[in-house]
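**Student:** Structure below; questions to follow.
The values are calculated or read from the model by the stated rules, or taken from the named source; none is laboratory data. Bear in mind that the values here come from a model prediction, so they are computed numbers and not experimental data. Every residue, glycine as well, gets a Cβ built from its backbone with ideal geometry; the counts of neighbours run over all protein chains shown. To get the accessible areas, we keep the full protein, side chains included, count just its heavy atoms, and leave off ligands, DNA and RNA. Shrake-Rupley method; radii C 1.70, N 1.55, O 1.52, S 1.80 Å.
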Amino acid sequence: MLCAPACQLYAVGQAVQWDLERTVTIGDAMDGETGLTRVGDVTIAGDRVLVGQPMERRVRVFSTRGEFIGFVGRQGAGPGEFEGLGRIGLLGDMFWVWDYHLNRIEYFSANYDHVSTLSLRGHPSVSASGLHLAGVLRDSSILARVMSSAAVAVSAPRAPEWLLRLDPKGFLRDSVAILRGIVPETEVIDGLQSDRRLYMTRPVFDRSLVAVWPDGSGFVVVDRESAAERVRHRYRVTKFDADADTVFRRDYPYEPIPISSAWLSRRVDQATGVHAGNRWGIVANRRRFRLAVREAFSDLEYFPAVAAVEAGPNGTTWLLRRIDEDSFEWEVLDTAGFPIGRFEEPPGARLAAAADLGGAWFHERDELDVPYIVRYEFRDR
């Protein structure tokens, strides 16, 4: 694959700072149609907002003005039904929904009628059940990660992971990228009953990030392996087109932020709190258990520079960059990988969909924990 332009180092710091202005709110706790339950994937399809509702196993459809349009799908294993509603994306004038429980993709027309079902089939060397959908490209080929079981992951926490491309029938075609860094899973044994072991998720890990443009026009990989010492470090962004050819590969310098003992202690407290009452009878020694969790969480000394990536509109790349231990800022890269804008998420909100360069949709909850999808416009500071 070509690298065009060849692996350049770009100094960040030249993007415009944006403020956010709230404009449209989707959701009404008192309305059975517009009221949202747990929010999953959110995708913008022209003047439509597709909101995944994993608890209900269906998709709610709204206009970008916030008007309710209808439902797509329902719980079940039949055509157009879902048991595990995951990612949502676009394919021409259709859209698709990934069912991670049934390991298949459901395709729907622009009128929300079910069109077809595709099951992932894998390869003799790769179990279909071990494939996790990353997205669908515009030629109907499929990008998927090879997800190991927790037991396999913890046995080789830094083993490379392949990003695979499947053909439109769900069979393995080739590999397109290698993902690196430590896996999220870790294992705790000490402090538990002798016949028990516990798999937990690290509070911070540096495995490569992947995002696919919702329209299938390409994908991006962020390699973000953590620094080993407090000297200027780099993360790498590689953008691919729909044919898996490299559009650009750039390295971005940053100053590593150390993981403090206090920050780690808070995460250990959170992780061990659910077991504090020993409700499942697996903790034999609370002190040793807590020390074991802390040890399991201490693999990295520094935070990775990038916490998340989104494939934005018009080929832009959106990076959630860590500012300090508990603060983050989104940075928007243009189609060539140069920063053009930055913004902070509204308090208590998280980015749900990078809709266009004029604004974005966020997932918020009110004081009663009721979810909403909210549109914010960008304003130059």
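**Student:** With all pairs of different alpha carbon atoms counted, what Kirkwood hydrodynamic radius in Å does the stretch 176-307 show?
**Tutor:** In the stretch 176-307 this quantity evaluates to 16.9 Å.
**Student:** Only four residue types carry charge here, +1 at the Cβ of Lys and Arg and -1 at the Cβ of Asp and Glu. Report the dipole size of the chain about the Cα centre in Debye, rounded to the nearest 20.
**Tutor:** Dipole about the Cα centre, nearest 20: 1220 debye.
**Student:** Shape of the stretch 250-379 from its Cα gyration tensor (a ≥ b ≥ c, root eigenvalues): rounded if a/c is under 1.5, otherwise prolate when a/b > b/c, or oblate?
**Tutor:** oblate
**Student:** Filter the trypsin sites (Lys or Arg not before Pro) in the stretch 203-240 down to the DSSP loop ones having no more than 13 other Cβ atoms within 10 Å, then list what survives.
**Tutor:** R230, R232
**Student:** How much net charge surrounds R236 when only the other residues with a Cβ under 13 Å from the Cβ of R236 are counted, with Lys and Arg +1 and Asp and Glu -1?
**Tutor:** +2
**Student:** At a 1.4 Å probe, what is the % contribution of carbon and sulfur to the accessible area of the stretch 160-222?
**Tutor:** Carbon with sulfur: 50 percent of the solvent-accessible area.
**Student:** Which whole-angstrom value gives the distance between the alpha carbon centres of the stretch 295-309 and the stretch 194-226?
**Tutor:** Cα centroid of the stretch 295-309 versus Cα centroid of the stretch 194-226: 11 Å apart.
**Student:** Hey, can you find the accessible area per residue of the stretch 249-335 for me, probe 1.4 Å, expressed in square angstrom?
**Tutor:** 45 Å²
**Student:** Here is a follow-up. Around A177, with a cut-off of 15 angstrom between Cβ atoms, what is the net charge of the other residues, counting Lys and Arg +1 and Asp and Glu -1?
**Tutor:** For residues surrounding A177, the net value is +2.
**Student:** GNM on the chain, C-alpha springs below 10 Å: top fluctuator among A349, A151, A159?
**Tutor:** Taking springs between Cα atoms under 10 Å, the residue moving most is A151.
**Student:** Now for a separate question. Sum -39500 (n - 2.57) across every DSSP H segment of at least 4 residues in the chain, then divide by the residue count to get the 222 nm mean residue ellipticity, nearest 500.
**Tutor:** -2500 deg cm²/dmol
**Student:** How would S217, S194 rank on accessible area, largest to smallest, probe 1.4 Å?
**Tutor:** S194, S217
**Student:** May I pose another question? For the stretch 75-120, with every protein chain kept in place, what is the accessible area per residue (1.4 Å probe, Å²)?
**Tutor:** Counting only protein heavy atoms, the per-residue value for the stretch 75-120 is 42 Å².
**Student:** Got a number for the accessible area of M55? Probe 1.4 Å, square angstrom, nearest 10.
**Tutor:** 120 Å²
**Student:** Right, another one. Using a ≥ b ≥ c from the Cα gyration tensor of the chain (square roots of the eigenvalues), is it rounded, prolate or oblate, where a/c under 1.5 gives rounded and otherwise the larger of a/b and b/c decides, a/b for prolate?
**Tutor:** rounded
**Student:** Using only protein heavy atoms and a 1.4 Å probe, report how much of D28 is accessible, in Å² to the nearest 10.
**Tutor:** 70 Å²
**Student:** Where the accessible area of the stretch 313-381 is counted over protein heavy atoms with a 1.4 Å probe, how much of it, in %, is carbon and sulfur?
**Tutor:** 47 percent
**Student:** Classify the stretch 31-113 from the C-alpha gyration tensor, please: rounded if a/c falls under 1.5, else prolate or oblate depending on whether a/b exceeds b/c.
**Tutor:** Oblate shape, in that a/c is at least 1.5 and b/c is the bigger or equal ratio.
**Student:** Taking K and R as +1 and D and E as -1, what net charge do the other residues with C-beta under 13 Å from the C-beta of G92 add up to?
**Tutor:** That works out to -2.
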